[in-house]
Amino acid sequence: MSTSRRAFIAVMGATSIVPWLKAQATPAEATQAIKKILGNAQPKMGRVNLEISPLVENGNLVPMSVSVDSPMTATDFVKAIHVIAEGNPLPNIVSFYFGARAGRAQVATRIRLQTSQRLWAVAEMSDGSFWQGSAEVLVTLAACTEEVLV
């Protein structure tokens, strides 16, 4: 079967677009990622402070910090902080784990964001409760555009 050059270029162009079709998680996938962390528990708003710039010029390296109001004693401490991005190809960005001897439940890092979206930080406490905080981010230059193999 002979294929013209135009047909070949058209097919190659169409197949190169396919990875971009799954370039963003759906709200259901983000909700599912949070549900996987929470199980049947209901998170409460508060105690979690997610700090991120509301306007980000480049989504490749976005500074972010999360802190949780906790005494960090042997009986009352933060076990984990999970960060979820609704608009990234893989919504579960990062999880940080703590013990009672951590001193402070505070982390700072840089993350990649594909598009303008809402970020969620969920704190898992030693008593089994969950607390959450969120922030909206406007991203002008997208990141996370590589092919994602799922």
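The values are calculated or read from the model by the stated rules, or taken from the named source; none is laboratory data. What you see is a predicted model, and the numbers here were worked out from it, not measured in a lab. Heads up, the Cβs are rebuilt from the backbone with ideal geometry, glycines too, and the neighbour counts pull from every protein chain shown. The area values use the complete protein model at the heavy-atom level, side chains included, leaving out ligands, DNA and RNA. Shrake-Rupley method; radii C 1.70, N 1.55, O 1.52, S 1.80 Å.
Annotation: amide H-H contacts under 5 Å for Ala80 (H modelled 1.01 Å from N, sequence separation of 5 or more, or interchain): Phe98, Glu124. Each Cα pair under 8 Å and six or more residues apart adds its sequence gap; the mean of these over the residue count of the range 51-107 is a relative contact order of 34 percent. In vacuum, with every alpha carbon of the range 44-121 counted as one equal point scatterer, what does the Debye formula give for log10 I(q)/I(0) at q = 0.15, 0.17, 0.27 Å⁻¹? Two decimals, please. Ignoring solvent entirely, the Cα scatterers give -0.54, -0.67, -1.33. Computed over protein heavy atoms with a 1.4 Å probe, the accessible surface of the range 51-104 works out to 53 Å² per residue.
Inter-label distance, Thr109 to Ser4: 5.2 nm, where each label sits 7 Å from its Cα along the C-beta direction. Measuring only protein heavy atoms, the 1.4 Å probe finds Arg112 accessible over about 90 Å².
A Förster distance of 30 Å, applied to the separation of the beta-carbon atoms of Leu138 and Gln32, puts the FRET efficiency at 0.75.
Quarter the surface of the alpha carbon convex hull of the range 97-145 and you get the mean projected area, 4.5 square nanometres.
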